[in-house]
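Below: the structure, in structure tokens.
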Amino acid sequence: MKNQALTSDATLHPCPCCTIGLTLLAAAVSYHPTFPEFLQYDTSVPFCSAPWQLLTWQWVHWSGSHAFWDIGAFAVLGSVCEYRHRHRFLVCLGLATLCGALSLLWVPRGLHACRGLSGIDSALFTLAATDLILAAHAMKDRPTLILVGSALVGFVLKTVAELTTGQAVFAQTPAMTVLTATHAAGAVAG
């Protein structure tokens with residue numbers, strides 16, 4: 001009964017078609033031999049010669065592992081958000097993409113290029129968590145409220161720690177610089 005109540009205020013969409021399409025597109029461009037370099041944000045290229053990069057860099061990745069985790073998180077979180085309310089999902093996706101572009105103002109010196117979907121994943125996590133918290137609160141579902149609320153607090157603490165230290169909490173790859181400002185921008189968008 002409580003699970004049904006958690007979805008009663010949402011506009012349910014049984015097939016997350018937008019998420020499926022974007023997941024396949026992200027995989028296609030990330031695993032393509034030339035698209036990642038063309039779509040990444042390249043700090044050495046003047047903005048006016050490649051303006052699309054402000055929006056496309058988040059959809060390509062550095063490695064198969066990077067793509068697998070980012071795109072996998074997007075598929076799960078996007079499906080949850082789109083299932084619950086497609087319009088909010090699409091608005092969040094647009095805001096997260098724009099906030100990701102703005103987060104490029106804080107690119108660390110010496111960083112040549114930017115790639116990755118983690119800022120959008122952060123936005124979708126925040127959207128899903130806040131939506132579930134609001135529904136659980138309305139239905140007085142205390143266990144869900146505590147569980148999802150704790151996850152959201154943990155995410156906020158992780159994001160603050162990343163901003164404070166300039167280092168990612170989970171992804172510790174020496175070959176890849178994590179744009180912690182993008183995670184925070186995504187969280188705000190969500």
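The values are calculated or read from the model by the stated rules, or taken from the named source; none is laboratory data. All figures in this text were calculated on a predicted structure; none of them were measured in a lab. Positions of Cβ are backbone-derived with ideal geometry, glycine not excepted, and every protein chain shown enters the neighbour counts. Side chains included, ligands, DNA and RNA excluded: accessible areas come from the protein's heavy atoms. Shrake-Rupley method; radii C 1.70, N 1.55, O 1.52, S 1.80 Å.
General observations
- Some residue of the stretch 148-167 being touching a residue at least 60 places away in the same chain (Cβ under 8 Å) and over 12 Å from the mean Cα position of the chain (by Cα): no
- Being open to solvent by less than 40 Å² (accessible area, probe 1.4 Å), over 18 Å from residue 123 (Cβ atoms), in a helix (DSSP H, G or I) and among the hydroxyl-bearing types (Ser, Thr, Tyr) holds for only one residue in 65, 30, and it is 30.
- The numbered conditions (1) surrounded by 14 or more Cβ atoms within 10 Å (Cβ to Cβ); (2) within 16 Å of the chain's Cα centre (by Cα) are all true for residue 136 except (2).
- Of residues in the stretch 41-62 being in a helix (DSSP H, G or I) and aromatic (Phe, Trp, Tyr), the one surrounded by the fewest Cβ atoms within 10 Å (Cβ to Cβ): 47
- Restricting attention to the stretch 92-119, the residues being part of a loop (DSSP other than H, G, I, E, B) and open to solvent by 20 Å² or more (accessible area, probe 1.4 Å) number 7.
- The residue list 80, 60 contains one member that is touching a residue at least 12 places away in the same chain (Cβ under 8 Å) and in contact with a Phe, Trp or Tyr (Cβ under 8 Å, 6 or more places away or on another chain), which is 60.
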